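Trainee: Please read through the structure below; I'll follow up with questions.
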């Protein structure tokens, strides 16, 4: 019983994923990081102009458009390159990279959008 | 009970029933909004409805991964997992589209616009809170797309392989927590606007 549990846990920890799944993880991570970077540079020339496809949405429209285009384009490109790989990394590693990209983007946004103004409100005087 | 004999047919029947319900609720909100001349309010109601739907389908998906009886009801479990992730993905797309329409109205240069009022009353509700919701909300499509793709790609393996199951549970759980955090960023400005307006 104990050895069976050990085998299961070892199998789970070293579970490799195919190239197409790795492509999905990498494309998602790239596009999520791109949202953070585009948010950070949205008021910088020339991005303040490029990121405005329509005046109704300002820079938000550009970040929406370009992040989704990056996602789809990188997924197609990575999928075509990696689809024949039977295993390409382990799911645990791709999870860490994905969660890391979400965390990085969130921290970039919090820094750029000046969340210190909110945190200061909670500091007792 | 007599018409539907096996569980797979019953699962399909209930799923069809729920999906028709979602369609009629959405249609009803839009129709009521058009009829009363409150189009933007109807769009924002649709926005809220699909946020709740995405959160509910995410929770159902986690419950399914934990409790599905894969030995006897494999087809039901796989069908439910596929439909719940697809529903969440479509919901997130609708949330983004309706959110974008709402954003156009929100950032109007008019002195009576929500943005102008919020900036006068509590500027922090616009920046950083509302702006964080706008930009961080865009992550939702990619995140839900990834979960949906993994589910549709691996099918019954998501219930059998522990590493996959754990990965999906963690991804979905974090997505729900992140969505609640983003929703909170939106609740503060909209509640202020609604109280003042």
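Trainee: When the residues of segment A:88-101 are narrowed to those that are in contact with a helix residue (DSSP H, G or I) (Cβ under 6 Å, 6 or more places away or on another chain) and within 10 Å of chain B (Cβ to nearest Cβ), which ends up farthest from residue A:33 (Cα to Cα)?
Mentor: Going through segment A:88-101, the residues in contact with a helix residue (DSSP H, G or I) (Cβ under 6 Å, 6 or more places away or on another chain) turn out to be A:88-89, A:91, A:94-95, A:97-98, A:101.
Retained after the next criterion (residues that are within 10 Å of chain B (Cβ to nearest Cβ)): A:91, A:94-95, A:98, A:101.
Values: A:91: 19, A:94: 15, A:95: 15, A:98: 10, A:101: 6 Å.
This residue is A:91.
Trainee: Now a separate question. Applying the selection to segment B:92-110, what residues are outside any helix (DSSP H, G or I) and within 25 Å of residue A:114 (Cβ to Cβ)?
Mentor: Of the residues in segment B:92-110, the ones outside any helix (DSSP H, G or I) are B:107-110.
Correct list: B:107, B:108, B:109.
Trainee: Here is a follow-up. Could you tell me how many of the residues in segment A:1-32 are at pLDDT 90 or above, facing another protein chain (nearest Cβ under 10 Å) and outside any loop (DSSP other than H, G, I, E, B)?
Mentor: Going through segment A:1-32 one residue at a time, the tally reaches 11.
Trainee: When you look at residue B:117, is it over 25 Å from residue B:88 (Cα atoms) and either free of Cβ contacts under 8 Å to residues at least 24 places away in the same chain or assigned to a helix (DSSP H, G or I) (or both), yes or no?
Mentor: yes
Trainee: Can you find even one residue in segment A:62-71 that is free of Cβ contacts under 8 Å to residues at least 60 places away in the same chain and at positive phi?
Mentor: Of all residues in segment A:62-71, those free of Cβ contacts under 8 Å to residues at least 60 places away in the same chain come to A:62-71.
Checking which are at positive phi leaves us with none.
Checked against the condition, which is being free of Cβ contacts under 8 Å to residues at least 60 places away in the same chain and at positive phi, segment A:62-71 yields no hits at all.
Trainee: Conditions: (1) at the interface with another protein chain (Cβ under 9 Å from one of its Cβ atoms); (2) touching a residue at least 24 places away in the same chain (Cβ under 8 Å). Residue A:58 meets all but one. Number of the miss?
Mentor: Checking residue A:58 against (1) at the interface with another protein chain (Cβ under 9 Å from one of its Cβ atoms); (2) touching a residue at least 24 places away in the same chain (Cβ under 8 Å), the one that fails is (2).
Per-residue answers, yes or no, for (1) surrounded by fewer than 22 Cβ atoms within 10 Å (Cβ to Cβ); (2) within 7 Å of chain A (Cβ to nearest Cβ); (3) at positive phi:
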| site | (1), (2), (3) |
| --- | --- |
| B:121 | yes, no, no |
| B:134 | no, yes, no |
| B:144 | no, no, no |
| B:149 | yes, yes, no |
| B:152 | yes, no, no |
| B:165 | yes, no, no |
| B:168 | no, no, no |
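Trainee: Just checking, does segment B:143-165 include any residue being more than 26 Å from residue A:91 (Cα to Cα) and not in a helix (DSSP H, G or I)?
Mentor: Narrowing segment B:143-165 to residues more than 26 Å from residue A:91 (Cα to Cα): none.
Within segment B:143-165, not a single residue is more than 26 Å from residue A:91 (Cα to Cα) and not in a helix (DSSP H, G or I).
Trainee: Check residue B:175 against each of (1) facing another protein chain (nearest Cβ under 7 Å); (2) buried (at least 16 other Cβ atoms within 10 Å of the Cβ); (3) in contact with a helix residue (DSSP H, G or I) (Cβ under 6 Å, 6 or more places away or on another chain) and name the one condition it does not meet.
Mentor: (1) is the only condition that residue B:175 fails.
Trainee: On the basis of being within 18 Å of the chain's Cα centre (by Cα), at the interface with chain A (Cβ under 7 Å from one of its Cβ atoms), more than 30 Å from residue A:117 (Cα to Cα) and surrounded by 22 or more Cβ atoms within 10 Å (Cβ to Cβ), does residue B:138 make the cut?
Mentor: Working: within 18 Å of the chain's Cα centre (by Cα): yes; at the interface with chain A (Cβ under 7 Å from one of its Cβ atoms): yes; more than 30 Å from residue A:117 (Cα to Cα): no; surrounded by 22 or more Cβ atoms within 10 Å (Cβ to Cβ): yes.
So residue B:138 does not fit the description; no.
Trainee: Can you tell me which residue is modelled with the lowest pLDDT among those in segment B:96-119 that are surrounded by 22 or more Cβ atoms within 10 Å (Cβ to Cβ) and more than 10 Å from chain A (Cβ to nearest Cβ)?
Mentor: For segment B:96-119, the residue satisfying everything is B:114.
Trainee: For segment B:178-193, how many residues meet the condition of being touching a residue at least 60 places away in the same chain (Cβ under 8 Å) and away from chain A (no Cβ under 11 Å)? Even if it seems obvious, please write down each step before you answer.
Mentor: As a first pass, look at segment B:178-193 and keep what is touching a residue at least 60 places away in the same chain (Cβ under 8 Å): B:179-180, B:183, B:188-190, B:192-193.
Restricting the remaining residues to those that are away from chain A (no Cβ under 11 Å) gives B:179-180, B:183, B:189-190, B:192-193.
The total comes to 7.
The values are calculated or read from the model by the stated rules, or taken from the named source; none is laboratory data. Just so you know, these numbers come straight off a predicted model, no measurement behind them. Neighbour counts are summed over all protein chains in view; Cβ atoms, including those assigned to glycine, are modelled from backbone coordinates with ideal geometry.
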